[in-house]
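Structure first, then comments.
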There are 2 protein chains.
Amino acid sequence: MKKILLTNDDGVRKPGLWALYDVLKNFGTVFVVAPESEKSAVGMSITLHKPLRIRKYRIHGRVAYACSGTPSDSVIVAVRKIMPEPPDIVVSGINEGNNVSLQAVYGSGTVAAAIRASLMGYPSVAFSLSFSEKGTFRPGWLKTAMKTAAYKAKPIVEYLLNHGLPKGVDYLNVNFPYEISDKTPYRLTVAAKSRYAELVEERVDPREKPYYWLKGKLLERLEPGTDAYAIFVEKAVSVTPMKTDTSATSSDAYEDLRQFLERL
Amino acid sequence: MKKILLTNDDGVRKPGLWALYDVLKNFGTVFVVAPESEKSAVGMSITLHKPLRIRKYRIHGRVAYACSGTPSDSVIVAVRKIMPEPPDIVVSGINEGNNVSLQAVYGSGTVAAAIRASLMGYPSVAFSLSFSEKGTFRPGWLKTAMKTAAYKAKPIVEYLLNHGLPKGVDYLNVNFPYEISDKTPYRLTVAAKSRYAELVEERVDPREKPYYWLKGKLLERLEPGTDAYAIFVEKAVSVTPMKTDTSATSSDAYEDLRQFLERL
């Protein structure tokens with residue numbers, strides 16, 4: 001039996017997590033360990049200065065552990081305290097909202113759980129479902145779309161359990177388009193650098209003091225082959241092989257810098 | 001005149017920031033824009049759901065802007081609202097505590113500011129000073145050590161302003177050893193994967209309920225050539241050329257996955 005750790009960044013009760021659960025249970029024993037409440041945009045942070053609590057729930061008739069900390073905390077506690085054996089794979093998601101482009105990858109709690117698992121030595125995959133640009137949807141859409149996304153996630157998890165990650169790949173970052181259906185095709189992609197321009201809007205409060213809203217203006221030109229192009233333009237499932245190592249290792253390029261430092 | 005943005009992750013009044021300021025002012029106009037208070041371990045997060053405030057202070061006789069948000073917020077607001085022209089370089093630090101290994105790099109606010117700057121198109125560098133393993137130091141040590149670290153940072157910034165970043169490098173992650181002195185040598189390094197094992201300690205509260213502390217056990221064997229080895233074993237300044245792109249681009253390795261997805 002395969003051991004699967006299922007986590008997310010926005011809470012142990014979210015429909016995206018349970019849609020994945022229903023698919024993953026076919027492959028082995030699934031341990032659900034996720035933050036108690038929404039912890040998106042916490043990145044890779046771990047909780048060092050206060051203790052963590054773990055609460056055991058029964059949700060949809062299944063055992064689930066809610067961790068008071070971040071997605072990274074959840075992965076660490078799951079592996080070290082909850083699971084009797086290490087996981088064969090760590091699955092994170094399905095997140096409500098896409099995680100395409102490096103801008104999103106670096107800040108995402110969903111992806112952070114996958115990176116944390118990878119740094120601890122476990123193969124992992126992050127799944128995210130894009131919302132409409134307005135962030136609104138009709139009643140019932142979320143649950144149905146998450147079920148369809150989980151159905152499309154199934155062969156990817158099966159591939160990872162049977163073949164492992166490709167050589168040189170540390171985790172997969174998978175994004176589903178808003179228009180997800182059973183027939184949505186798959187694209188192997190690279191991460192776009194950005195998907196929006198970071199803008200700042202200045203306003204003045206009733207006391208005539210300025211304040212500022214950050215706003216992301218979606219980039220109009222998306223590059224073919226990227227995760228953003230796949231989900232926004234091709235309306236396809238984007239599968240991005242990712243590395244955790246961010247060292248720039250092509251040492252030829254920085255021989256000059258090396259020599260400079262040696263002369264100091 | 002060069003335009004330099006100086007930021008950090010632990011507050012606009014920190015001695016590490018002002019030690020760097022005294023060095024950077026020799027190279028051009030320095031804009032200080034940093035979080036109002038300590039924002040370490042927030043990673044790359046940006047503030048979308050509440051407005052930001054910017055307060056203008058005079059600190060050590062110099063103008064400094066304190067941002068109510070994260071290091072990433074500070075970079076965005078600095079570039080879009082405070083600086084009249086884009087920066088030639090973004091400098092983050094000097095952080096109190098090292099940021100060696102991917103474990104640290106992914107969670108660090110200091111490094112996050114450098115990554116954010118790089119994603120926005122500006123060359124950047126993150127500086128961090130290692131504390132003793134116990135995290136304690138004698139009175140006066142911090143200020144003196146930060147001054148020495150800033151002195152050792154100077155040629156690195158000068159190199160970046162004169163030569164730019166080496167090809168294929170998006171930012172530099174620089175760490176100073178606890179034993180920093182004028183004579184400390186420099187090492188060009190790669191990021192270690194981990195510097196500690198993630199462990200969990202279970203305790204029981206007075207009401208007999210369990211709670212958990214995360215604790216990092218420092219790895220005993222550090223690999224030569226890594227940032228961790230440089231600062232802990234060689235007691236050298238570690239200079240790590242970093243990339244922001246975490247796509248796994250060696251497509252040969254995942255041709256099998258591509259074919260698998262195409263067949264679905």
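The values are calculated or read from the model by the stated rules, or taken from the named source; none is laboratory data. Keep in mind it's a predicted model, so treat the numbers as computed, not measured. Ideal geometry is used to build each Cβ from the backbone, glycine not excepted, and the neighbour counts take in all protein chains shown.
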Given the structure, is A:Glu255 more than 24 Å from A:Val111 (Cα to Cα), surrounded by fewer than 19 Cβ atoms within 10 Å (Cβ to Cβ), within 11 Å of chain B (Cβ to nearest Cβ) and among the acidic types (Asp, Glu)?
yes
Taking the residues in the range B:224-249 that are in contact with a strand residue (DSSP E or B) (Cβ under 9 Å, 6 or more places away or on another chain) and free of Cβ contacts under 8 Å to residues at least 40 places away in the same chain as candidates, determine which candidate is farthest from A:Arg187 (Cα to Cα).
B:Gly225
Hey, can you tell me all the residues within the range B:157-202 that are of a type in the set (Phe, Trp, Tyr) and in contact (Cβ under 8 Å) with a residue 24 or more places away in the chain?
B:Tyr171, B:Phe176, B:Tyr178, B:Tyr186, B:Tyr196
Find the residue count for the range B:53-95, including only residues that are within 22 Å of the chain's Cα centre (by Cα) and of a type outside the set (Val, Ile, Thr).
19
Determine which single condition B:Val105 fails, assuming it passes every other condition in (1) within 29 Å of A:Ser194 (Cβ to Cβ); (2) more than 11 Å from every other protein chain (Cβ to nearest Cβ).
(2)
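Of the residues B:Ser194, B:Ser181, B:Ser238, only one is among the polar types (S, T, N, Q) and touching a Pro at 6+ places or on another chain (Cβ under 9 Å); which? Reasoning before the result, please.
Details: B:Ser194 fails: touching a Pro at 6+ places or on another chain (Cβ under 9 Å); B:Ser181 fails: touching a Pro at 6+ places or on another chain (Cβ under 9 Å).
Residue meeting the stated conditions: B:Ser238.
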Residues within the range A:19-55 that are free of Cβ contacts under 8 Å to residues at least 12 places away in the same chain and either aliphatic (A, V, I, L, M) or within 11 Å of chain B (Cβ to nearest Cβ) (or both), tallied:
4
Only one of A:Asp10, A:Asp73, A:Asp88 is at pLDDT below 95, of a type in the set (Asp, Glu) and farther than 30 Å from A:Glu133 by Cα, namely A:Asp73
Check off (1) at the interface with chain B (Cβ under 7 Å from one of its Cβ atoms); (2) over 30 Å from B:Val237 (Cβ atoms) for A:Val233 and give me the number that stays unchecked.
(1)
Note on B:Lys2: of the conditions (1) at pLDDT 95 or above; (2) buried (at least 16 other Cβ atoms within 10 Å of the Cβ), unmet is (2)
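So if I check each of B:Lys167, B:Lys183, B:Lys217, which one is over 30 Å from A:Thr47 (Cβ atoms), exposed (fewer than 14 other Cβ atoms within 10 Å of the Cβ) and modelled with pLDDT under 95? Walk me through how you get there before you give the answer.
Numbers: B:Lys183 fails: modelled with pLDDT under 95; B:Lys217 fails: over 30 Å from A:Thr47 (Cβ atoms).
The conditions single out B:Lys167.
Considering each of A:Thr240, A:Thr249 in turn, give the residue that is facing chain B (nearest Cβ under 7 Å), β-branched (Val, Ile, Thr) and surrounded by fewer than 15 Cβ atoms within 10 Å (Cβ to Cβ). Give the derivation first.
Values: A:Thr240 fails: surrounded by fewer than 15 Cβ atoms within 10 Å (Cβ to Cβ).
Exactly one of A:Thr240, A:Thr249 is facing chain B (nearest Cβ under 7 Å), β-branched (Val, Ile, Thr) and surrounded by fewer than 15 Cβ atoms within 10 Å (Cβ to Cβ), namely A:Thr249.
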Any residue in the range A:125-142 that is among the charged types (D, E, K, R) and at the interface with chain B (Cβ under 9 Å from one of its Cβ atoms)?
no
